[in-house]
Amino acid sequence: MLPGYRFHCPDIASVDLHLAERREHMGPRSNLTPRFREAARQDIDRLLERRLYLMIVHLADPLEDSVPPAQAA
């Protein structure tokens, strides 16, 4: 990861968007230096870890999405 670079990923859809952008950035026509290519790979690893975490949290609390907010309290 490059210093100071962060991803805003509050949900799985945003993680998927960042993953797609990173993969496109590293595409076959990319002229990234080895240092930046490795940083991009590390970013993808971090994003995949975040996606896994969000999936686990979502599966652990499936009622959160099915109960309307007014009834949740």
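The values are calculated or read from the model by the stated rules, or taken from the named source; none is laboratory data. Quick caveat: nothing in here was measured; it's all calculated off a predicted structure. Please note: Cβ atoms are built from the backbone with ideal geometry, for glycine as well, and neighbour counts cover all protein chains shown. Remember, those area values only see protein heavy atoms, side chains included, never the ligands or the DNA or RNA. Shrake-Rupley method; radii C 1.70, N 1.55, O 1.52, S 1.80 Å.
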What are the pairs with Cβ atoms under 8 angstrom where one residue, in segment 17-28, is closer than 15 Å to Arg6 by Cβ and the other, located anywhere, is hydrophobic (A, V, I, L, M, F, W, C) and not in a helix (DSSP H, G or I)? Sequence gap at least six, or different chains.
His18/Phe7; His18/Cys9
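Conditions tested, residue by residue: (1) in contact with a helix residue (DSSP H, G or I) (Cβ under 8 Å, 6 or more places away or on another chain); (2) open to solvent by 70 Å² or more (accessible area, probe 1.4 Å).
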{"site": "Cys9", "(1), (2)": "yes, no"}
{"site": "Ser14", "(1), (2)": "no, no"}
{"site": "Gly27", "(1), (2)": "no, no"}
{"site": "Pro34", "(1), (2)": "no, yes"}
Selection count, segment 43-73, where residues are closer than 16 Å to Phe7 by Cβ and either at pLDDT below 75 or open to solvent by 80 Å² or more (accessible area, probe 1.4 Å) (or both):
6
